[in-house]
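What follows is a set of notes on a single structure, which appears directly below.
Each value in this text was obtained by applying a stated rule to the coordinates, not by laboratory testing. Remember, predicted model here, so these are calculated numbers, not experimental data. Using ideal geometry, Cβ is built from the backbone for each residue, glycine included, and neighbour counts are taken over all protein chains shown.
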């Protein structure tokens, strides 16, 4: 399990570093290279989360199932806090 995650993390690092190096080689600017690298890093992390959620279901099947943990959260009664008045 650890080796699988390590391989996935190193693969994501290689892709992000490659994109960053390619953007710098194309002289697109440091800000644009960092922005695209950060976006790639976020997308890679979300992909790894979805890939490792279940070993028996596909990503599409996991996205169709509603998260039961989110249903048990209490709902707020008021959207704005009550004002306190002193007499």
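Can you give the Rg/Rh ratio of region 1-43, where Rg is from the C-alpha atoms and Rh is the Kirkwood radius?
Ratio of gyration radius to Kirkwood radius for region 1-43: 1.10.
Label 7 Å along Cα→Cβ of residue 24; region 30-45 residues with amide nitrogen under 17 Å?
30-41
Going 7 Å from the Cα of residue 15 along its beta-carbon direction, which residues of region 22-37 have the amide nitrogen within less than 19 Å of the resulting point?
Inside the label zone: 22-24, 33-37.
Using only the Cα atoms, work out Rg/Rh for region 2-72, with Rh taken as the Kirkwood radius, to two decimals.
We get a ratio of 1.13 for region 2-72.
Each label point is 7 Å from the Cα along the Cα-to-Cβ direction; what then is the distance between the points at residue 35 and residue 52, in nm?
3.0 nm
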